[in-house]
Amino acid sequence: MKAIALFFILVSAVFGAQYSMVISKKVPLTLISVEQIRDIYLQKRRSVGDQKIIPLNLVGQEPSRIAFESAVIGMGRDRLNAYWVKQHFQGITPPITQPSHESIKAFVQNVEGAIGYIPSSMVDNSLKVIYEF
């Protein structure tokens, strides 16, 4: 598992950003820091400025989810699972999951404040890129 995450980090360093954090073009947010993204995905932050944010994650062991958790969240799967077990007992739930990048893209396009990661090759003019990894 760690080898896969390391592979994606190295590929991204050599070839540039492979994934983009996207939000609807309707949202006035332009840039976001990696710390803000981490806090949003760990449910420590629910908004940026006046904008409510709804984080989306892929289901399961998708390579992009592993890369996201490693590069952006800064946690491996075991550590992140332990974090969510603790949060569960405090009534805090993890981000909404989606089965595919296509469903993340559609959700972001249709729900104001939704944020998610998709392959950079899927970005079009209906989305706004606010972070790349």
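The values are calculated or read from the model by the stated rules, or taken from the named source; none is laboratory data. These numbers were taken from a predicted model, which means no experiment stands behind them. All Cβ positions, even for glycine, are placed from backbone atoms using ideal geometry, and neighbour counts span all protein chains on display. Note: accessible area is taken over every heavy atom of the protein model, side chains too, but ligands, DNA and RNA are not part of it. Shrake-Rupley method; radii C 1.70, N 1.55, O 1.52, S 1.80 Å.
Counting only residues that are open to solvent by less than 90 Å² (accessible area, probe 1.4 Å), part of a loop (DSSP other than H, G, I, E, B) and of a type in the set (A, V, I, L, M, F, W, C), which one in the stretch 15-32 is modelled with the lowest pLDDT?
17
If residue 23 meets every condition in (1) under 27 Å from residue 85 (Cβ atoms); (2) within 14 Å of the chain's Cα centre (by Cα) apart from one, which number is that one?
Going through the list (1) under 27 Å from residue 85 (Cβ atoms); (2) within 14 Å of the chain's Cα centre (by Cα), residue 23 breaks only (1).
Tally time: how many residues in the stretch 48-69 are in contact (Cβ under 8 Å) with a residue 40 or more places away in the chain and of a type in the set (Gly, Ala, Ser)?
Number of matching residues: 2.
Run down 107, 89 and say which single residue is free of Cβ contacts under 8 Å to residues at least 60 places away in the same chain and more than 24 Å from residue 25 (Cα to Cα).
When all the criteria are applied, what remains is 89.
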